[in-house]
Every structure is written in C-alpha cells, then in structure tokens.
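The values are calculated or read from the model by the stated rules, or taken from the named source; none is laboratory data. Predicted model, so just to flag it, every value in this text is computed and none were measured. Cβ placement follows ideal geometry from the backbone for every residue including glycine, while neighbour counts extend to all protein chains displayed. When the accessible area is computed, the model is the full protein with side chains, heavy atoms only, and any ligands, DNA or RNA have been set aside. Shrake-Rupley method; radii C 1.70, N 1.55, O 1.52, S 1.80 Å.
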2 protein chains.
Amino acid sequence: MIRILIKNATILTMNINRDIIKNGAIAINENRILDVGSTSEIEKKYSADKIIDAQKKIVLPGLINTHTHLSMTLLRGYADDMPLKQWLEEKIWPLEQHLTAEDCYIGALLGCLEMIKSGTTCFADMYYHLENVARAVEQSGLRADLCYPLLELGDPNRGEKLLGVGTQAIKSLYGMANDRIHCSFGPHATNTCSAGLLQKVKKLADELKVNIHIHVSETKGEFEQFKTQYGKTPVEYLQDLNFLGANVLAAHCVWLSDNDIKLLKETNTKVAHNPTSNMKLASGIAPVPKLLASGVTVGLGTDSCASNNNLDMFGEMKMAALAHKVNSLDPTLMPAQKVLEMATINGAKVLGLKNEIGSIEPNKKADLIIVNASKPNWTPLFNPYSNLVYSAHGDDVETVIVNGEILMENRRVETISEQKIIEEAQKKADDLVKRSKLGGK
Amino acid sequence: MIRILIKNATILTMNINRDIIKNGAIAINENRILDVGSTSEIEKKYSADKIIDAQKKIVLPGLINTHTHLSMTLLRGYADDMPLKQWLEEKIWPLEQHLTAEDCYIGALLGCLEMIKSGTTCFADMYYHLENVARAVEQSGLRADLCYPLLELGDPNRGEKLLGVGTQAIKSLYGMANDRIHCSFGPHATNTCSAGLLQKVKKLADELKVNIHIHVSETKGEFEQFKTQYGKTPVEYLQDLNFLGANVLAAHCVWLSDNDIKLLKETNTKVAHNPTSNMKLASGIAPVPKLLASGVTVGLGTDSCASNNNLDMFGEMKMAALAHKVNSLDPTLMPAQKVLEMATINGAKVLGLKNEIGSIEPNKKADLIIVNASKPNWTPLFNPYSNLVYSAHGDDVETVIVNGEILMENRRVETISEQKIIEEAQKKADDLVKRSKLGGK
C-alpha cells in the first residue's frame, strides 16, 4: 500500500527530456516519488491510501523560490514608491530594529501560508531569528534552505559574533524536520561584509559542506562603488577572494560585466534572479538571457514582500519572461518553458538539490503541485507552459504536496491555520508599527 | 426601498479628493449610486432589498480595460515567444481567417467571464463580428465600448465597405443593453488605413458623436517607417490630418517624440497603455510618466489574450508600476495610487464616460467591485492602494456590480454559466485549430 496515487493528470515532469505525460499518474511512497507513468499502468501496479483524481489538471514540480526574506512578509505594503536609500534608511531598517523573535515567527508563518497557497514548495531564505523561521517552516511542511544574515557593517567584532550565530544555527538546525530544512551561511553582501569575513565564511562553508547565500551587485551604485574603490566589479572582487564556487548562491546579479558572467560560469556560481524586486526598487534588469546563454545556472526568486509585494512565483515567472523580451526588444527571449525551468529544476540546482527535487521523477522527493486548468484564465489550453507562465497565478494551485505530505488540498491548507495566521499577522504588524513610533507610510 | 446597500466597507472612492471612507456604506438604487457615506449614516437613511456586509473588504470602482480584442481570448496561448512578424503572419492572422461569428461570440463570452472574475466592469474592444461581441456583453452584464476594425490594407473599396459595416454597427448597437453598450469607430492603425479613410472616419465620428479607437505607434518599425515615408511621426501624421482630438483613443503610443506628447496633450487625445502586451511582443515601454506629467489622459489596457495572455487588470497595474520604475531607474515613478487612477477614473475619461463611471460617487452608474482583503497576500493591510497594485490579483475580487446589477457574488458568476462557457470555448478553440489545418505551436 503506497501513500498517494495521483491519476488522470497532465504531468509536466521537467525531467531531462522535459517529457509531458498526458493521462499520467504518479505513485508516492513515504516522502518520495516511487513511479511515474500512464494512469493505466500505474493504477495496475499500486494501491494507495489516498487517490487524487487530477482530470483536467496539470501536475508539475513544486515551485522553488531561490531568494526571499520571509519574515518581512509582515512589512508588506508598509512603504513603497520611495527612493531606495530613503526607503531602507527611513522605513525598512528602522522598523526591522523593532522586530521581535515572535514577529519573525509570525511573519515567516504568513509567508509559508502564502507560498503554500501559490504553489511554492521550497525556498531559500535569509533573515534574523533563524530558529523561529525554521519553526514556521517545520510547522507548515515546506522545504527550505535558511541562513542568518551576517551584516558586519564595518565592525569586525560584530562580524565575528554573527558568524558564530550563523555557524551555531547551521549546526543545530541543518537537517531538521525530516531533512526538509537545510541551512547555509548568509554573508549579507559584498559591501556589508569585509574581505576577511567573506573568506572565513567560505572556508567554514566548504568545511561544513553547506551553501552560501549572498547579495551580489544588486544596484548600479554598488557596482560603481566597487569599480571606483577596488578597480574591480563586485564579482571580480569575490573571485579574487576565492569566494565564488558551486555552493554560492548569488542573489540579484543585476549589474554584471561580460567578464563577471564568465567568472560566474567558470566557478559554477549559482544566481537567483528577482525581476519584480529589481524592477520595483528600480535596480535594473539582470542580464539573464546572457547568463543562460553562457551556461550559468539561474533560479527565480521573489525577494521579500517589502519589495515585491507578494510571494507568488507565477507572477515572478511572467515578470521574468516579459522583462527580458522588452529589455532586448526580442520577443523570442525567455520562452515559457525556459522560465518554468528556472522556477523548478534550475531552482533545485541553485540550492544544490538537483538530485532531490525540481522534477517529477522516480526517487526524487515528492514535492509537487496540482494546478486547476479549468478556470477561465486557463481556457483554452493549447500549451501548458504558456498558460502557466503567461495566464496563471498562484490561486490556480489547488493541491500542494511536499515530502510526500499533503500541505494543501483543494485550496484548504492542512498543516497550519490560515485564519489564525492572518489575524495574528495583522495584529503583530499593527503592534510593530505602533511600537516603532514610525507611523504608516 | 433601494436595490442594494453595501456596508462596513473600506471604500476607495477615487473621487476628486481620492477620499477613502473607513467603515463606509454605499446605497445603490436602480442602476446608479444614490449615496455614499459612513455605515451608520447610510443605514439610517435607507432600507434595501439586498444588504452586502463588506467587513474587512475593500470596495472600489470597477476596473476599466481601455484596449482589448475580446474574441481573441479563444487564441490564448496558441502561439508565443515568436518574432512579431512571424507570429502575426504565420499564426495569428491565418487562424483569424477561420474564426466564425460563433467563435467570436464564444471567445467574447469567455473574455467577459474572465473579466468579471477579475474585477473588470467596462472595456474598450476592437474586433470582427461586432454584433456577436455585443451579444456576449449584453448577456454578461458588463459595460463596453465596441468597435469594428477597419483594416483597409491599401484597398479603398475594402475600406469603404468596412466603413459601412462599422457605421451600421454603431447605428444599430449604440445604447443597447440599457446603455451599457456604446460603439465607436475602429480604424485599425495609421499604417493599415489610408489618409482618406482616416479623414472620413473622423468626420463621421464627430457627426455621430462617438469615439474613435485606433492603434498608434505601437512598434519602432511603424515609427521609423512614418519618419522615412512621410518625414513625420505617426502622431504628427494624424495631427496633420486633423484626426487627433478628445474623442480619439490612441492605443499603445509606445514610440513617441516629445512633440508627439505635446500634440496628444494639446488635442486632448486619450491614450490606452498596454504594458504587458508591449513587453511580451517586445514593442517597447511607452513614455507614460512623461505623458502623465504633460497632462495627457492615460488609461490601462490588457490588449488581447494572444499577447498578454490574460485579462487580469491587477496584473496589468503591477506591470505598469514596475515597467516604468525600472525603465527610468526611478522607484518613485508610477506610485500605486496613480496606477489605480489609470485603471479607474482615468479609464473612464479615456472612454468619454467620466461623468458616468470610474469613481464611487452619488449619481454615477453603480459599477463597483468588492475585494476580499483577508487573504494571505493581503496581509498585513497597511495601504489598500499598495496591496491592490503590488500584492493582489484578479481572484481576490469577490463581488462585481455593474449598472446596479450583481454579476458575481462571492466569486459565483450570476449572469452567465462559467462551466458551460469554459467547455464550449475549449471545444471551439480545438475545432478552430483543426479546421485551419495550421496545427499547434
């Protein structure tokens, strides 16, 4: 008796051949995909505790959000449409000073809820009170790679202390929740950490065999500052520190020289592309078509709700497809299938999990979503890739399975209480602003 | 006894002061808004057949889509990610040749369904078999300004004949469905109609007191062609024909000189901005911040589902906000409230309906939507404009009222059959492709 059998589905496997199985079925046992094939074949082979009829539905790998700061979901819509420096220095950072551990927990729970409801099954996060983010992830049933932000800000003692916190978090949390939670190092950015700290982090990450999650060349200001100050770009600077490598997740990479792209490729450094955040903060449009053409592995991310302002990876896919077409005046760039690859199998590669998630194949972890393809915005259905990227949004996701567990079925979240989290989050957000004495926008 | 009383709502009036009424109520009698105020005050004054409790909900004017080709909803996802010329000449135009009147009806019904489900209450449309589009609009309960496309294509006889069809459509359909349906002239574009036809259209439109809906300077190719061929831009060309004016809806206007912007302002010509379509087809990013700064009235449109690929005005708002921020590297451009103005009151102005719709004020037609603000992507709620533009999508719309009639309540469409339309549309789309012998993508 296996755990779950999904049948009568159109399955976008996202395997190496990008096979699409019509009238397909998936057998899930424990936390892994046991078998994938035609419904008639799979139905004959297995009997299951739970059968899900996915007639007129699309099944695809759960979406992977490679860059966010989940607890900041509590700051959604608090401040927008402002110059970046003013937004950070007068709104976001002062408010963050008042965030308690409990705020971070509720913010993370709210983010987990929104991700489940919009089909994201795994994410890479950087934020404070990491143990509380982990608690939210554990309860929600999602999969995540979490890191604590090392914001050294010119103070080596602070850097050393935070590195201790980050290392301790990795040691105590990595592998928890049935291995759904991984941890990595989070040196915040090239311009907020010293060269010394970055080198220490790199050494420790290699020793502990964990990833490094860092903001790289997000703004023109940062890019120009490095060229002026060091005579090199942020990416060249990292390369000269021997920092780049296959376990490095470089978020943003908006401003890159051709040599930077070459270095990212040569070192097999991974990139998290956040088109919505980069557009909303007016940072720029990352040269993703060039990165992909050079063979760099690029995943997709929403960044935090303070700069997006949601966690809907469907919106992010559409933004990724459109931003690059118009930026190059070439409508053939970033076709739908390639964009979905970024949100699934490439996201898995970015997190070092390509053998575990990102496609629907036997032996992979059972992380998948079922999308309702009988809604007005899904009609007609000529091409599932096209409808997923250009017409769909998060609310079209009906059922979410992570690690073989059903987190949402027919839009009802099973693991955490939607109503309670929404009420609690609004209350915590109101209290936070009141306490901070900063006032609303 | 009035028809409907909505109470306990947060009302974004979009009136001249952009008043937001907390704990507000709206009294609707027949097809108009009778009164707007605090819940306690309005409840005392009126008793209603139907009371809608909008606690924790946002009420705002129905969204206005100022440029689409509704029947093309049947072509959603048929072809994407192709060079514009090849996409049009090998896919879209050949398939359109096979569209029957019935296809246009079903396509329009599907579009109406999707618009209702995503909070659009009024739209400007250009398409063939206009009487069938009108039939769909009538049945759905929506409001629209429809025009028949005059594609002269260098053949004056064809132009003359189509002008007759267009004029006849206006005369027979204008004002139908309790004045929910208006009609206008639809000279397709500056480069598909002769100067003579454009002048005839202009004269007739002025005589009949109707609008003109035309594609203007959508692509760089068109802009350059006019400069080479006539020594002037498409807008200058139209001005020299005395074509521009307050009743002209110029869709796209992606490629504009500073003088073009001046001419659009001086003539009070209206602009429909379609950021998603312009990005997807890689046409470019229209200079909307400049247009707005110059005082040109700009509405928002989705264009057709062949180039978007949905009709969700929430997505369009987000795209409009983000595209211009990144295009100018200025995050303060196109703030949320300004974008919502484009989708409501400015849309009404674009259609010449500013005294009838676009805001929630006494004596205006009762066209409004109720949005569920207690969803994860709406939490917390600091600023309703911000959440509407940056976090929301069409599925957050719960109830839609047009002309005082409830078209959707709690996401159940009351006027047309969702299930039947979805099934019929898929069938018609499949038949169309089969009949055309063009095959899928």
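Things worth noting here:
- When the stretch B:318-333 is filtered for residues that are surrounded by fewer than 24 Cβ atoms within 10 Å (Cβ to Cβ) and under 27 Å from B:Ala246 (Cα atoms), only B:Leu333 remains.
- Taking (1) in contact (Cβ under 8 Å) with a residue 24 or more places away in the chain; (2) on the phi > 0 side of the Ramachandran plot; (3) not assigned by TED's automatic domain parsing to the domain that holds B:Glu405 in turn, B:Leu84 satisfies each apart from (2).
- Candidates A:Met115, A:Met126, A:Met176, filtered to the one that is touching a His at 6+ places or on another chain (Cβ under 7 Å), of a type in the set (A, V, I, L, M) and either more than 24 Å from B:Trp378 (Cβ to Cβ) or modelled with pLDDT of 95 or more (or both): A:Met126
- Condition check for B:Gln426: within 11 Å of another protein chain (Cβ to nearest Cβ) and touching a Pro at 6+ places or on another chain (Cβ under 6 Å): yes
- In the condition set (1) open to solvent by less than 10 Å² (accessible area, probe 1.4 Å); (2) in a loop (DSSP other than H, G, I, E, B), A:Leu238 is compliant with all but (2).
- Residues of the stretch A:174-224 that turn out to be within 22 Å of A:Asp303 (Cβ to Cβ) and either exposed (fewer than 15 other Cβ atoms within 10 Å of the Cβ) or not assigned by TED's automatic domain parsing to the domain that holds A:Phe123 (or both), as a count: 3
- Flag for A:Asn355 being within 7 Å of chain B (Cβ to nearest Cβ) and either on the phi < 0 side of the Ramachandran plot or of a type in the set (Asp, Glu) (or both): no
- Taking the stretch B:51-78 as the range and being open to solvent by less than 10 Å² (accessible area, probe 1.4 Å), in contact with a strand residue (DSSP E or B) (Cβ under 8 Å, 6 or more places away or on another chain) and assigned to a loop (DSSP other than H, G, I, E, B) as the test, the residues that pass are B:Ala54, B:Gly62.
- Residue count for the stretch B:132-168 satisfying the condition of being closer than 24 Å to B:Asp312 by Cα and either more than 14 Å from every other protein chain (Cβ to nearest Cβ) or assigned to a strand (DSSP E or B) (or both): 15.
- On the stretch given as the stretch B:370-423, residues that are more than 11 Å from chain A (Cβ to nearest Cβ) and either in a loop (DSSP other than H, G, I, E, B) or within 15 Å of B:Ala336 (Cα to Cα) (or both) total 6.
- Check on A:Asp431, under 30 Å from A:His98 (Cα atoms) and more than 7 Å from chain B (Cβ to nearest Cβ): yes
- Filter result (closer than 14 Å to A:Pro362 by Cα and in contact (Cβ under 8 Å) with a residue 40 or more places away in the chain) within the stretch A:20-45: A:Ile26, A:Ile28, A:Asn29, A:Glu30, A:Asn31, A:Arg32, A:Ile33, A:Leu34, A:Asp35, A:Val36
- Residues in the stretch A:89-131 that are touching a Pro at 6+ places or on another chain (Cβ under 6 Å) and part of a helix (DSSP H, G or I) were compared, and the one that is surrounded by the most Cβ atoms within 10 Å (Cβ to Cβ) is A:Leu113.
- Only residues that are of a type outside the set (Val, Ile, Thr) and either in contact with a Pro (Cβ under 8 Å, 6 or more places away or on another chain) or open to solvent by 30 Å² or more (accessible area, probe 1.4 Å) (or both) were counted in the stretch A:364-374, giving 5.
- Pairs, first more than 14 Å from chain B (Cβ to nearest Cβ) in the stretch A:253-281, second open to solvent by less than 20 Å² (accessible area, probe 1.4 Å) and charged (D, E, K, R), C-beta under 8 Å, six or more apart: A:Cys253/A:Asp260
- Counted residues, the stretch B:79-88 - those being in a helix (DSSP H, G or I) and among the charged types (D, E, K, R): 1
- Considering residues of the stretch B:286-315 that are assigned to a helix (DSSP H, G or I) and open to solvent by 10 Å² or more (accessible area, probe 1.4 Å) only, the residue nearest to the other protein chains (Cβ to nearest Cβ): B:Gly315
- Test: A:His252 is open to solvent by 10 Å² or more (accessible area, probe 1.4 Å) and not β-branched (Val, Ile, Thr): no
- Single condition B:Glu361 does not satisfy, out of (1) charged (D, E, K, R); (2) surrounded by fewer than 21 Cβ atoms within 10 Å (Cβ to Cβ); (3) part of a helix (DSSP H, G or I): (3)
- Checked against (1) at the interface with chain A (Cβ under 10 Å from one of its Cβ atoms); (2) open to solvent by 10 Å² or more (accessible area, probe 1.4 Å); (3) within 18 Å of the chain's Cα centre (by Cα), B:Leu84 passes all but condition (3).
- Whenever a residue of the stretch A:8-19 is modelled with pLDDT of 95 or more, its partners that are among the β-branched types (Val, Ile, Thr) and open to solvent by 30 Å² or more (accessible area, probe 1.4 Å), lying with C-beta atoms within less than 8 angstrom and at least six residues away or across chains, give the pairs A:Ala9/A:Ile21; A:Thr10/A:Ile20; A:Thr10/A:Ile21; A:Ile11/A:Ile20; A:Ile11/A:Ile21; A:Leu12/A:Ile20; A:Thr13/A:Ile20; A:Thr13/A:Ile21.
- Filtering the stretch A:30-50 to residues that are open to solvent by 30 Å² or more (accessible area, probe 1.4 Å) and small (Gly, Ala, Ser) leaves A:Ser38, A:Ser40, A:Ser47.
- Residue within the stretch B:351-359 that is over 27 Å from B:Pro289 (Cβ atoms), of a type outside the set (S, T, N, Q) and in contact with a strand residue (DSSP E or B) (Cβ under 6 Å, 6 or more places away or on another chain) present: yes
- For the stretch A:337-352, taking the residues that are in a helix (DSSP H, G or I) and open to solvent by 10 Å² or more (accessible area, probe 1.4 Å), the one that is farthest from the other protein chains (Cβ to nearest Cβ) is identified as A:Lys349.
- Residue in the stretch A:326-336 that is more than 9 Å from chain B (Cβ to nearest Cβ), free of Cβ contacts under 8 Å to residues at least 12 places away in the same chain and either over 19 Å from A:Asp396 (Cβ atoms) or not in a helix (DSSP H, G or I) (or both) present: no
- Any hit, the stretch B:53-63, residues being under 30 Å from B:Leu381 (Cα atoms) and free of Cβ contacts under 8 Å to residues at least 60 places away in the same chain: yes
- A Cβ distance below 6 Å, combined with a sequence gap of six or more or placement on separate chains, defines the contacts here; from the stretch A:236-247, residues that are over 10 Å from A:Leu263 (Cβ atoms) and of a type outside the set (Val, Ile, Thr) reach residues that are open to solvent by 50 Å² or more (accessible area, probe 1.4 Å) and outside any helix (DSSP H, G or I) in the pairs A:Ala246/A:Asn268.
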